[in-house]
Structure formats: structure tokens, C-alpha cells
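Take a look at the structure set out below.
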Amino acid sequence: MSSKQISGGTIHELPSDLKLALERNPKSLEKWESLTPLARNEWVCWTISVKQQKTRDEHVRRVVSELTEGKRRPCCWIGCIHRTDKAISPSIQGILSKRKST
């Protein structure tokens with residue numbers, strides 16, 4: 001078990017599988033630490049909000065590779081819906097309601 005301190009997000013703590021993946025790739029870890037807490041939060045939320053472990057594993061791999069490629073936010077991600085410090089915008093509410101009805 002590693003004791004290295006790695007920054008989390010604004011709402012979400014850094015999950016152990018993502019932490020381990022970042023620790024194994026110093027370049028992605030450096031990029032991770034250069035992100036704002038809100039951007040880190042979006043990556044964590046994007047990673048943990050999936051239903052299947054297979055998808056989560058793929059998201060963890062993509063966080064590492066996409067950070068290394070220079071991406072700073074997850075592509076096409078609507079943002080963390082778990083934030084309680086701001087209201088969900090009407091456009092995001094529309095997207096979420098469509099997801100629930102399918």
C-alpha cells in the first residue's frame with residue numbers, strides 16, 4: 001500500500017484504483033496534480049459513475065492515457081452531478097431526465 005499523497009477532487013475522494021494507476025505513471029500524475037480540484041473531481045466522478053467494473057477499469061486506463069496526451073477534462077462529460085454547492089443547470093437537467101427515461 002502506498003503512502004504517497006495525491007490530490008482528490010472537490011466532492012469526491014481519489015479512489016484507490018485510480019490512485020494506483022496514477023502512481024504507476026509519473027507523467028500522468030504530474031498532469032493530475034496540475035489540474036484544478038474541480039477538474040480532478042470531474043475525472044473521479046466520470047470514473048466512478050459507471051455501472052460495470054469493466055467500464056470502470058477502462059475509464060481508469062483512459063484517465064491515465066488522456067492526461068498524458070494533455071487532456072484536462074473528460075470528453076463529453078456533463079460534469080459531476082454530486083456537487084451540492086451549485087444548482088444543476090436546466091440543460092443538464094434535461095439530459096439527466098432523458099437518461100432516466102431510457
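The values are calculated or read from the model by the stated rules, or taken from the named source; none is laboratory data. Keep in mind that what you see is a predicted model, and the values were worked out from it rather than measured. Glycine also receives a Cβ, built like all others from the backbone with ideal geometry; neighbour counts cover every protein chain displayed.
Among helices (runs of 4 or more DSSP H) entirely within region 6-71, having at least 2 residues that are β-branched (Val, Ile, Thr) singles out 37-48, 53-68.
When you go through Ser101, Ser16 one by one, which is the residue that is modelled with pLDDT of 90 or more and over 10 Å from the mean Cα position of the chain (by Cα)? Talk me through it step by step, then tell me what you get.
Numbers: Ser101 fails: modelled with pLDDT of 90 or more.
Residue meeting the stated conditions: Ser16.
In the set Lys51, Lys71, Lys27, only one residue is loosely packed, with under 14 Cβ neighbours inside 10 Å, out of contact with any Gly (no Cβ under 6 Å at 6 or more places or on another chain) and free of Cβ contacts under 8 Å to residues at least 40 places away in the same chain; that residue is Lys51. The set of residues in region 26-48 being under 16 Å from Glu58 (Cα atoms) and over 13 Å from the mean Cα position of the chain (by Cα) consists of Ser28 alone.
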